[in-house]
Amino acid sequence: MRAVAIIGVGSTPFGKIEGQGIVDLAVSACREAMAETPVPREKIQAFYLGNFVGERLANQGSLAPVVAGRLGLTGIPATKVEGACASGGIAFRHGFLTIALGLYDFVLVAGTEKMTASSTPEVTAALATAGDEELEMRTGLTFPGAFAVVMREHMARYGTTREQIGLVSVKNHGLGAQNPKAQFRKSVTLEEVVASRLIADPIRLFDCPPISDGAAAALLCPAEWARDFCPKPIKVLGSGHASGPAALWQMDDITSFPATVRAAREAYAMAGITPGDVQVAEVHDCFTIAEIIATEDLGFFPKGKGGPAVAEGRTGLDGRVAVNPSGGLIAKGHPVGATGCAQVYELVKQLRGEAANQVQNAEVALAHNLGGSGVVSTVTILGRI
Amino acid sequence: MLRGRRCAACKRLWLDAARACPACGAPGGETVQLSGNGRLLSWTTIRVPPARYAAEAPYTVGLVELDEGFRLTVRLTADPETLAPGLPVAFASQDDSRGPIFRTS
């Protein structure tokens, strides 16, 4: 396989973005990524676009070729990738693979979503399609509900406390407050988190990400050419992608997601590193408890120790591994199909030394994207060239 | 009554509606009557429902383990204040839209 590098990234701000549709958002992020390099548009050979609920909420199919057309890229293969909230991570993975395997040299990848024009019940129902409708979601379970079932079990089994879980929200809102791209620019206190409105007991409003609009993009090429097109190229050290059970009842242990564990194993092996080598990570905190489980499944902390690690500051900006310096999904926002590419955007900025919440001397970074309650996951490991 | 299916290939037991075995993918198998009795593992009360169940919230969904040794996610008719891990639960009725409905027993 050929080594692959990222030579340009772009991201819209996340939030309620008035006057921009799902295509506009994608085009804006892609233009920013393309403008970072002197690569002429004619050199781009393929486009992969992550999107989850655009057909349902934004009435737009054929999304990838439509966006490619607005970018002046009509003619190249343009493919929408759907894997629930991991759609963006999978789109990135496909761009990486096509270059690594020698099929293409320049590939544009992106993720986009437009959600704020829909009502909360419509969004809740659209997101619930990530589950197994026939065998689980028809009960009326929602994704906050699924992670609430998981949170209760994690607390019962490992003694993880409400306060430890709430501190994920406090940390991520504090970081989001300093990130100009973030939807929430305001810190919250632990008291506010544990007193916020119940969404699906025991998950409360500040345990959840907001409903968001946004898009992010990256331009990839073989690593050996990267310096010709970018002063600070970032190398893809490892990539993993795996599926898992769609329903909670199919899992022997609902406090761990096998898709994350498997994707991480693949990515670590490809990169030739261990979890201890990672200094900064963007993980899929679709709920506060999901960040704690991700830090355990990724091997940063032993099983059941993710809660104490947050309380001890080991996931803070100057902790053992800085987790979600962007503010994560909870504070930066979660335009679901865009999230995987937005994680890559943040980590490229970190490795270039250009991040809003800069982790000092970051050399190895990890992005973890999760769909549903573990039905799919991608793990991407990045490093300086 | 609640019916299960024992996989012809790997012999694992699943809810009848699973059709092909969710563990090994094999089709077929033998239909078996289930006791409908089990215990509660974890649960949530849904306060922000999907659009189709908007009129029913709040309602409770539980993850239960049947006495036969496999798990189900079910709508649970119970006062959420009385729920605890390990609480005995039982099959109450089959709902065409929502699947099996359980109650505390």
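The values are calculated or read from the model by the stated rules, or taken from the named source; none is laboratory data. Just so we're clear, the structure is a prediction, and the values are computed from it rather than from any experiment. Note that we place each Cβ from the backbone using ideal geometry, even for glycine, and neighbour counts take in every protein chain shown.
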Discussion item. I'd like to check something: does the stretch A:239-248 contain any residue that is part of a helix (DSSP H, G or I) and at pLDDT 95 or above?
Written reply: yes
Practice prompt. Would you check which residues across the stretch B:1-51 are among the polar types (S, T, N, Q) and in contact (Cβ under 8 Å) with a residue 24 or more places away in the chain and list them?
Written response: B:Thr31, B:Gln33, B:Ser35, B:Asn37, B:Ser42, B:Thr45
Item to complete: Please tell me if B:Leu87 is assigned by TED's automatic domain parsing to the domain that holds B:Thr104, over 25 Å from A:Thr124 (Cα atoms) and either modelled with pLDDT under 95 or within 12 Å of the chain's Cα centre (by Cα) (or both).
Response: no
Fill in: Given (1) in the same structural domain as A:Ala218 (by TED's automatic domain parsing); (2) buried (at least 24 other Cβ atoms within 10 Å of the Cβ), number of the condition A:Leu97 does not satisfy
(2)
Discussion item. Filter the stretch A:110-139 down to the residues that are surrounded by 23 or more Cβ atoms within 10 Å (Cβ to Cβ) and more than 17 Å from A:Arg56 (Cβ to Cβ) and list them by number.
Written reply: A:Ala110, A:Glu136, A:Thr139
Practice prompt. Return the only residue of A:Thr139, A:Thr129 being closer than 14 Å to A:Ala247 by Cβ, out of contact with any strand residue (DSSP E or B) (no Cβ under 7 Å at 6 or more places or on another chain) and polar (S, T, N, Q).
Written response: A:Thr129
Discussion item. Condition first: at the interface with another protein chain (Cβ under 8 Å from one of its Cβ atoms) and surrounded by 13 or more Cβ atoms within 10 Å (Cβ to Cβ). Now tell me which residues in the stretch B:75-105 satisfy that.
Written reply: B:Arg75, B:Pro80, B:Pro85, B:Arg98, B:Gly99
Worksheet item: So, in the stretch A:185-231, of the ones that are away from chain B (no Cβ under 14 Å), charged (D, E, K, R) and under 25 Å from the mean Cα position of the chain (by Cα), which residue ends up surrounded by the fewest Cβ atoms within 10 Å (Cβ to Cβ)?
Response: A:Lys186
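Condition test on A:Pro40, is it surrounded by fewer than 16 Cβ atoms within 10 Å (Cβ to Cβ) and assigned by TED's automatic domain parsing to the domain that holds A:Val107? Before you say what the answer is, go through the steps one by one.
Numbers: surrounded by fewer than 16 Cβ atoms within 10 Å (Cβ to Cβ): yes; assigned by TED's automatic domain parsing to the domain that holds A:Val107: yes.
In short, yes.
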Item to complete: Mind checking which helices (runs of 4 or more DSSP H) fall wholly inside the stretch A:76-180 and carry at least 1 residues that are acidic (Asp, Glu), in contact with a helix residue (DSSP H, G or I) (Cβ under 6 Å, 6 or more places away or on another chain) and away from chain B (no Cβ under 14 Å)?
Response: none
Practice prompt. Output the residue which, of all residues in the stretch A:374-385 that are at pLDDT 95 or above and in a loop (DSSP other than H, G, I, E, B), is farthest from A:Ala182 (Cα to Cα).
Written response: A:Val375
Fill in: Residue tally, condition surrounded by 16 or more Cβ atoms within 10 Å (Cβ to Cβ) and not in a strand (DSSP E or B), over the stretch A:1-10
0
Worksheet entry | Residue satisfying condition, being over 10 Å from the mean Cα position of the chain (by Cα) and at pLDDT 95 or above, within set A:Pro308, A:Pro335 | A:Pro308
Item to complete: Just need a number here: residues in the stretch A:232-248 that are within 14 Å of chain B (Cβ to nearest Cβ) and either in contact with a Phe, Trp or Tyr (Cβ under 8 Å, 6 or more places away or on another chain) or more than 20 Å from A:Asp132 (Cβ to Cβ) (or both).
Response: 1
Worksheet item: Residues that are aliphatic (A, V, I, L, M) and either outside the structural domain of A:Ala259 (by TED's automatic domain parsing) or touching a Phe, Trp or Tyr at 6+ places or on another chain (Cβ under 8 Å) (or both): which helices (runs of 4 or more DSSP H) entirely in the stretch A:273-365 hold 3 or more of them?
Response: A:288-297
Discussion item. Based on this model, can you work out whether A:Ala215 counts as closer than 30 Å to A:Tyr104 by Cα and either at pLDDT 95 or above or not small (Gly, Ala, Ser) (or both)?
Written reply: yes
Response to the item:
Within the stretch A:135-163, the count of residues that are at positive phi and in contact (Cβ under 8 Å) with a residue 40 or more places away in the chain comes to 1
Worksheet item: Checking A:Ile17 against (1) closer than 23 Å to A:Ala130 by Cα; (2) touching a residue at least 24 places away in the same chain (Cβ under 8 Å); (3) touching an Asp or Glu at 6+ places or on another chain (Cβ under 6 Å), which test does it fail?
Response: (1)
